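Each reported figure results from applying straightforward, stated rules to the coordinates on display, with no laboratory input. Here the structure is a predicted model, which is why all the values come from computation and not from measurement. Cβ sites come from the backbone with ideal geometry, for glycine too, and all protein chains shown count toward neighbours.
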Amino acid sequence: MKVVFTCGGTGGHINPALAVAKLLRERRPDAQILFVGADDGMETDLVPREGFRIETVTISNYLRSLTPAALWHNVRALVIIRRALRRADQIIREFQPDVILGTGGYASFPMLRQGTKRGIPTALHEANAVPGLATKMVCDKVDRILVSFADSKSEYKNAERVIPVGMPVREEFVFTKRADARKALGLDEKTPLIVSAWGSLGAREMNKKIAQFMKLECEEDRYRHIHATGSFGWRWMPEYVKEQGVDLAAHPLVTMQEYIYNMPTVMAAADLIISRAGASTLNEIAAAGTPCIIVPSPNVTNNHQEKNARILEQRGAAVVLRESECDGERLYREAKALLEDGEKRAKMRTALRELAVIDSAERIYQIITELAKSR
């Protein structure tokens with residue numbers, strides 16, 4: 001069995017493919033696995049680390065603006081895409097895959113497009129509540145459309161080919177127990193833990209609001225708070241917090257760091273997480289069952305983060321605030337209200353776990369195996 005996984009751009013596209021590829025390698029040690037991504041994407045680092053071979057294509061995004069610069073960019077992008085399609089043909093001829101699974105990003109388009117043209121069974125996984133551009137360009141041609149949220153079926157014309165499968169997440173998010181996690185972090189049961197993060201890069205405006213949040217909580221010293229600034233935020237936020245009159249050295253319950261590397265443990269221990277609404281993040285929160293305040297990024301295509309978040313909100317699984325609606329004071333007020341309402345948090349944990357699909361990788365594995373047999 002020969003399988004191509006094609007993805008790129010962000011961890012939210014790459015990690016689901018890696019989760020399914022690891023399961024395939026475990027179940028079918030004789031399977032031949034090839035990843036195809038963008039030659040300048042983070043997949044060129046993440047995929048080899050997991051022991052998989054990767055080939056690359058040169059790809060370009062598409063700008064929706066009608067400015068002269070955007071139009072010129074899109075003309076160049078068309079030339080690049082044609083070359084990427086020829087490169088995809090070459091990879092298909094050489095590898096001869098039995099099935100192709102795309103998990104998002106512009107880098108997935110060439111392989112899915114050329115695979116469908118050559119009669120190779122294809123499936124795509126869309127992490128977000130609404131389809132991205134790469135998904136829209138191929139969803140009418142692929143054999144299966146796999147979605148994270150059951151509510152997303154209405155976004156596609158061919159509903160009979162749409163299968164809700166959830167989003168693969170690391171097993172630690174599902175199985176780490178709260179008591180074990182709090183013990184590992186040296187926490188007692190009395191002090192509530194707040195965790196906040198805005199993604200691997202961080203978000204400047206939201207980091208500023210968290211600085212206000214920190215100032216308010218340091219006045220009360222009631223909560224343990226771990227904030228991840230992201231790589232960009234780490235350059236300026238420690239100094240910015242000091243400028244706001246916050247001396248974290250005098251308030252050891254409140255800390256910041258660039259990344260949270262042990263997020264499954266931290267999330268399991270947390271009483272509240274405050275974050276963005278990327279599909280991968282929301283599925284990790286659901287798997288952990290951690291009550292949450294979600295502030296969707298307004299700077300994403302088709303406002304997909306807010307649409308992701310509203311699905312959780314409709315089920316009673318999250319409090320959702322628009323970035324324009326909140327400052328540090330509003331965030332702190334909402335956090336305190338949740339932390340003081342144990343009954344609401346218990347209901348949120350239940351709602352989150354009902355939304356979580358803990359066997360997502362298994363479901364996708366079964367689908368691509370069946371597709372490979374159909375060739």
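Cβ-to-Cβ counts within 10 Å put 312, 112 in ascending order as 312, 112, the fewest first. Per-residue extension of 0.36 nm, minus the Cα-Cα distance of residue 204 and residue 219, leaves a gain of 3.1 nm for this segment. Separation of the range 217-248 and the range 318-357, taken as the distance between their Cα centroids, equals 21 angstrom.
Sites listed here are GluC sites (Glu not before Pro) in the range 313-375 whose DSSP assignment is loop and whose Cβ has at most 15 other Cβ atoms within 10 Å: 340.
Shape summary of the chain, radius of gyration then Dmax from alpha carbon positions: 21.6, 65 Å. Each label point was placed 7 Å from the Cα along the Cα-to-Cβ direction; for residue 329 and residue 349 their separation is 3.3 nm.
Is there a quick way to get the dipole size of the chain? I mean about its Cα centre, with the Cβ of Lys and Arg at +1 and of Asp and Glu at -1; what is the value in debye to the nearest 20? The dipole of the chain has a size of about 1320 debye.
Distances between placed amide hydrogens fall under 5 Å for residue 6 paired with 36, 101, 102, 103, all partners being 5 or more residues away or on another chain.
Computing FRET efficiency as 1/(1 + (r/R0)^6) for residue 337 and residue 188, where r is the C-beta to C-beta distance and R0 is 25 Å, gives about 0.65.
How much length is gained on full extension from residue 370 to residue 249, taking 0.36 nm per residue of separation minus their Cα-Cα distance? Intermediate values should be presented prior to the final figure.
On the way: separation 121, 0.36 × 121 = 43.56 nm, distance 5.72 nm.
Here the segment from residue 370 to residue 249 would lengthen by 37.8 nm.
Available extension along the chain between residue 159 and residue 42 is 38.9 nm, counting 0.36 nm per residue and deducting the alpha carbon span. Which FRET efficiency value, to the nearest 0.05, is calculated for residue 2 and residue 242 with the Förster distance at 45 angstrom and r the Cβ-Cβ distance? Computed FRET efficiency for residue 2 and residue 242 comes out at 0.20. A simple count of charges around residue 356, restricted to other residues whose Cβ falls under 14 Å of its Cβ and scoring Lys, Arg +1 and Asp, Glu -1, yields -1.
With a Förster radius of 41 Å applied to the C-beta separation of residue 118 and residue 151, the computed FRET efficiency comes to 0.80. Our helix-only sum for the chain, with -39,500 (n - 2.57) per DSSP H run of n ≥ 4 divided by its residues, gives a mean residue ellipticity at 222 nm of -15000 deg cm²/dmol.
Pairs spanning more than 22 Å between alpha-carbon atoms, out of 153/177; 208/307; 183/242; 117/373: 153/177; 208/307; 183/242. For the chain, the longest principal axis of the alpha carbon atoms and the long axis of helix 304-314 meet at an angle near 60°.
Dipole orientation for the range 297-375: of the candidates 374, 304, 324, 374 has the Cα lying most toward the positive pole (charges on Cβ; Lys, Arg +1; Asp, Glu -1).
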